[in-house]
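Below: one structure, written as C-alpha cells.
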Amino acid sequence: MNPHKSYRILFFIYIILSLLKADQVKTTDIYRTAFQVSTFLYLEFGLDYNISNNNSNTPNTFDTYFRNKFRWKNKQLKTANSLSDILLYASLCNSLTLTPLFSKNEFLPIILTNLDIISINGIVTDIVKIISKRQRPSSYYQTVNETNEGFRSFFSGHTSTAFALWVSTTTFLSESFSDNSRIIWGIGGFWAASIGYLRIAADKHYMTDVITGALAGFTIAKLILKRNKDRYFYFGIDPGINESNIRIGIKF
C-alpha cells in the first residue's frame, strides 16, 4: 500500500478512537460514522481497479475544449497533481482540526459531522466511479501511466471532497466570525475551485468530471448538515440562499 494512503487511514482511525471518549456525541452516531469511514476507505484503497480492454469513448467537444485550455505541459502534470493533493490534504486537516478548534460550537460534534460528510461523499463518489468506468484523459491520451487508476475519471473525488468541505467548514467558521463570513465563503470557494482546476491541469479529469464533483460534494454536505441539525446543531437558513445568512448553534 502507498505510504501516503496508510497515513490517511491511520489519521481517520485516530479521529474515530478519539470520538469514543466523547460525551457530547451519541455512541450510535460514532459507530455509524466509523462504519461509513471504513466503507469509504475500502472502496478507495481496498478494491482492485485494474480494468483492461474496456471500451473507451471519444471525449466530447466540451471536455476537449477545456482540456486544451487548462491542461499543463506534460512535464508539469506531476506538479499539478501534487498541488491538488496538497490543497486537498490541507482542507481535510482544516476540517478535522482547525475548524473545530476555532469554531464557537462543540469540538467533537463538528469533527463527527465533517467525518460524516467526508465518508458519505467518498462512498458516493467511489460507487459512481466503479459503475461509470470513465477513462481518465491522461490514460486516454497516454500522457501518464495510470496503471490501475486509468478508469476512475467520473467524477472527480478531489473536487467533490473539496466542495463538500468548503460547505461544512465555512458554515461553521462563518458563525464564529460572522463579520467576515463573506470573505470566509469566498476564500473557501476559491480554494475548492482551485483544486478542481488543478485536476484538469494534471490531466486527471475532464471539465464535466469536475463540475459534477463540485455539485455532488456541495449537495451531500448540505443534506448532511440539514440532517444533523436534529442531533447536535440547529440551522436557520434564509430562503434567499445567501450563505452569509446561515446561522449555527448547539442544540441542547
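The values are calculated or read from the model by the stated rules, or taken from the named source; none is laboratory data. Remember, it's a predicted structure, so these values are computed and weren't measured experimentally. Cβ: placed from backbone, ideal geometry, glycine included. Neighbour counts: every protein chain shown.
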(request) Name the single residue, out of those in region 116-138 being in a helix (DSSP H, G or I) and among the polar types (S, T, N, Q), that is surrounded by the fewest Cβ atoms within 10 Å (Cβ to Cβ). (result) Ser132
(request) Out of Thr64, Thr99, report the one residue that is among the β-branched types (Val, Ile, Thr), more than 20 Å from Gln36 (Cα to Cα) and out of contact with any Ser or Thr (no Cβ under 7 Å at 6 or more places or on another chain). (result) Thr64
(request) Could you check Thr113 against (1) modelled with pLDDT under 95; (2) out of contact with any strand residue (DSSP E or B) (no Cβ under 8 Å at 6 or more places or on another chain); (3) assigned to a helix (DSSP H, G or I); (4) among the hydroxyl-bearing types (Ser, Thr, Tyr) and say which number it fails? (result) (2)
(request) Please identify the pairs in which a residue from region 197-211 that is under 14 Å from Ser132 (Cβ atoms) and without any contact (Cβ under 8 Å) to a residue 24 or more places away in the chain has its Cβ atom under 6 Å from the Cβ atom of a residue that is charged (D, E, K, R) and crowded, with 24+ Cβ neighbours inside 10 Å, counting only partners at least 6 apart or on another chain. (result) none
(request) Please indicate, with yes or no, whether at least one residue in region 74-85 is at pLDDT below 85, surrounded by 17 or more Cβ atoms within 10 Å (Cβ to Cβ) and aliphatic (A, V, I, L, M). (result) no
(request) May I ask you to say which residue of Phe40, Phe35, Phe12 is aromatic (Phe, Trp, Tyr), in contact with a helix residue (DSSP H, G or I) (Cβ under 8 Å, 6 or more places away or on another chain), modelled with pLDDT of 75 or more and surrounded by 11 or more Cβ atoms within 10 Å (Cβ to Cβ)? (result) Phe40
(message) I'd like to verify a number: residues in region 88-99 that are more than 11 Å from the chain's Cα centre (by Cα), among the aliphatic types (A, V, I, L, M) and surrounded by 19 or more Cβ atoms within 10 Å (Cβ to Cβ), how many?
(response) 1
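Look through Phe70, Phe62, Phe66 and report the one residue that is at pLDDT 95 or above, on the phi < 0 side of the Ramachandran plot and loosely packed, with under 13 Cβ neighbours inside 10 Å. Break it down into steps so the answer makes sense when it comes.
Details: Phe70 fails: loosely packed, with under 13 Cβ neighbours inside 10 Å; Phe66 fails: loosely packed, with under 13 Cβ neighbours inside 10 Å.
It is Phe62.
Pull up region 222-239, narrow it to residues that are touching a helix residue (DSSP H, G or I) at 6+ places or on another chain (Cβ under 9 Å) and in a helix (DSSP H, G or I), then point me to the one that is modelled with the lowest pLDDT. Before you say what the answer is, go through the steps one by one.
We begin by selecting, within region 222-239, every residue touching a helix residue (DSSP H, G or I) at 6+ places or on another chain (Cβ under 9 Å); these are 222-225, 227-228, 231-233, 235-238.
So of that shortlist, the ones also in a helix (DSSP H, G or I) come out as 222-225, 227-228.
Details: Lys222: 94, Leu223: 93, Ile224: 92, Leu225: 91, Arg227: 83, Asn228: 79.
Looking at the filtered set, the residue picked out is Asn228.
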(request) May I ask you to list pairs of residues, at least six apart or on different chains, whose Cβ atoms are under 9 Å apart, with the first in region 66-78 being part of a loop (DSSP other than H, G, I, E, B) and the second being of a type in the set (Gly, Ala, Ser)? (result) Arg71/Ala80; Arg71/Ala201; Arg71/Ala202; Trp72/Ala80; Trp72/Ala201; Trp72/Ala202
(request) Restricting attention to region 139-179, report how many residues are touching a helix residue (DSSP H, G or I) at 6+ places or on another chain (Cβ under 7 Å), part of a helix (DSSP H, G or I) and not hydrophobic (A, V, I, L, M, F, W, C). (result) 11
(message) Which residue is nearest to Asn94 (Cα to Cα), if the candidates are limited to region 180-221 and must be assigned to a helix (DSSP H, G or I) and among the charged types (D, E, K, R)?
(response) Arg182
